[in-house]
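Bear in mind that the values in this text are calculations on the coordinates, not laboratory data. Treat the numbers as computed from the prediction; the structure is a model and nothing was measured. Note that each Cβ is placed from the backbone with ideal geometry, even for glycine, and that neighbours are counted across all protein chains shown.
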Amino acid sequence: MEAESYEERGYPKRANLIREKLKRIRKDNFQTKNPEPVFIPTNSDLPATNNGSLSFLNGTWELGFRYLSQNAGFRSGKEWALDDGRVAFQAGTPYFPRSPMGYQNIRTLPYQMEWEGARKNSDTFSPRISFLHSSKKWGFEYVYFQFYTTRNFFSFGDFGGLQTGFQTDRFFSADHKIVVQILEEYSHNKRFVWEFGLRLGSLSTNSAQHSQSLGQTGIFRDSIQYVAPSTGFKFVHQFFESYSYELGGDMFLTPIGNLKYRRDSFTSLGGVSRFGGERTSADEVYSLFSEKSIPTTVIGLNLLAQLNWAPFQNHKFQLGLQSIQYNWRANETDPPGLRALNPESYLAAVRDYYLSSAFYEADGGKDRPTRSYGISNLYFGYTYVY
C-alpha cells in the first residue's frame with residue numbers, strides 16, 4: 001500500500017525500491033539456510049566399484065576390457081583310421097591323419113614319422129560393457145570373447161619311395177554374450193546375481209594340405225554359427241573396503257545351430273590317389289560342399305573366478321581364471337553338392353564322400369563322440385566406472 005501511495009503522488013522510483021525490499025525479505029524468510037544432507041544408501045558401493053560421479057539413465061555404467069592369455073585343447077574323436085578297423089577297411093589305406101580342429105578334413109599323408117607344431121594359445125582383448133540400476137536390483141552386461149589358434153603338421157614315410165606332406169590349420173571362434181542381470185542381496189556385503197540372455201557365436205576353420213611327392217593338394221573350410229539362450233549365476237562377496245570376488249558361470253544350449261563346409265581337392269596326373277595308393281591316370285579336381293546348412297546342436301559351459309580391486313575413485317581392476325567348453329553334434333544326412341573337372345574327378349569325389357562319411361556323417365550321433373574344444377585362460381582386466 002505504501003508503494004502504491006508513492007506511485008499515486010508521482011514518485012515511481014521510490015515505489016520500486018520498496019517493492020525490491022519486500023522481495024528480499026520474502027526470499028530470506030522462505031528459503032532455508034541449512035539444507036539436509038542427501039541420503040546415500042549404505043549398499044551404494046556393493047560390490048567394490050567405487051562409483052564415479054557421472055550417472056545417467058538412472059544407473060551406473062562400467063566400460064572396460066580384459067586381456068586374455070588363453071590355452072585350448074581339442075577333441076575330435078578318432079583322429080586316425082587305425083583307431084577304427086572298420087574305417088580303415090572301408091578306406092582301403094591306413095594313413096589318414098586327422099586334424100582335431102577342422103570338420104571336413106581327412107588327408108592322405110604318410111604317417112610313419114611326424115612332427116607337429118601347434119600353437120594352441122593366443123592373447124586377445126575382450127571388451128565389456130555393463131549397467132547397474134540405482135536400485136541395485138537389476139542391470140545388464142555385454143561381453144565379446146574371441147579365440148584363435150594355428151596347427152602345422154609335417155610327416156614323411158616310405159611308400160614307393162620317400163614321401164613327404166605338410167598340412168596347416170587355422171581356427172577362430174567369436175562369442176557375443178548379452179544378458180540381463182537380476183541381483184538379490186543376501187547381506188550387507190554378499191549377493192547373488194542371476195543372468196538371462198543370449199549367446200551369438202561362430203566357430204571357423206581354414207585348413208590346407210599339400211604333398212609334392214604324392215602330387216596332392218587340398219583346401220578345407222568349415223563354419224558353425226549359432227544363437228543360443230543363455231543362463232548363469234554368480235556369487236559376489238565384498239571384503240575389506242575396496243576388494244570383492246565373484247564365483248559363478250553360465251551355460252547355453254541350442255539345437256538350431258548350423259554348419260557349412262567345403263572341401264576342394266586336386267591330384268595331378270600320375271599322383272598318388274588319396275584312397276588306395278594307386279597312381280591316377282588323369283588330373284582329379286573336384287569340390288564337395290554343403291548345399292544347405294547342416295543342423296547342429298551346440299552346448300557351451302563357462303566357469304569363472306574373479307578378484308576385483310578398486311583402489312581409486314572411478315577405477316577398478318580384475319584378475320580372473322576362466323574355463324570355457326564348447327561341444328557340438330552335426331548330422332550330415334543330406335548328400336553334399338559336387339563339382340568335378342571330368343568323369344575321373346566325379347568318381348573320386350563320390351568316393352571321397354563315401355570314405356569321409358565313415359568319419360563325419362552323423363558326427364556326434366550314435367556310436368560317434370561329440371566334437372569339442374575347451375579354452376582355459378588367465379586374464380587381467382580394467383574397468384572405468386562412470
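Observations on the structure shown:
- Other-chain or far-sequence residues with amide H under 5 Å of LEU214's (modelled H): THR164
- Estimated vicinal HN-Hα couplings, Hz - segment 202-212 in sequence order (Karplus 6.51, -1.76, 1.60; Gly, Pro = x): 8, 10, 9, 10, 10, 10, 8, 9, 8, 9, 5
- Within-11-Å neighbourhood charge of ASN342 [Cβ basis; K, R +1; D, E -1]: -3
- Packing rank of 125-131, 169-175, where each peptide gets the mean count of other beta carbons within 10 Å, highest leading: 169-175, 125-131
- Unsatisfied cross-links (Cα-Cα over 18 Å) in the set LYS137/LYS177; LYS137/LYS234; LYS177/LYS292; LYS177/LYS260; LYS137/LYS316: LYS137/LYS177; LYS177/LYS292; LYS177/LYS260; LYS137/LYS316
- Segment 220-326: relative contact order in percent, alpha carbon pairs under 8 Å with at least 6 residues between: 28 percent
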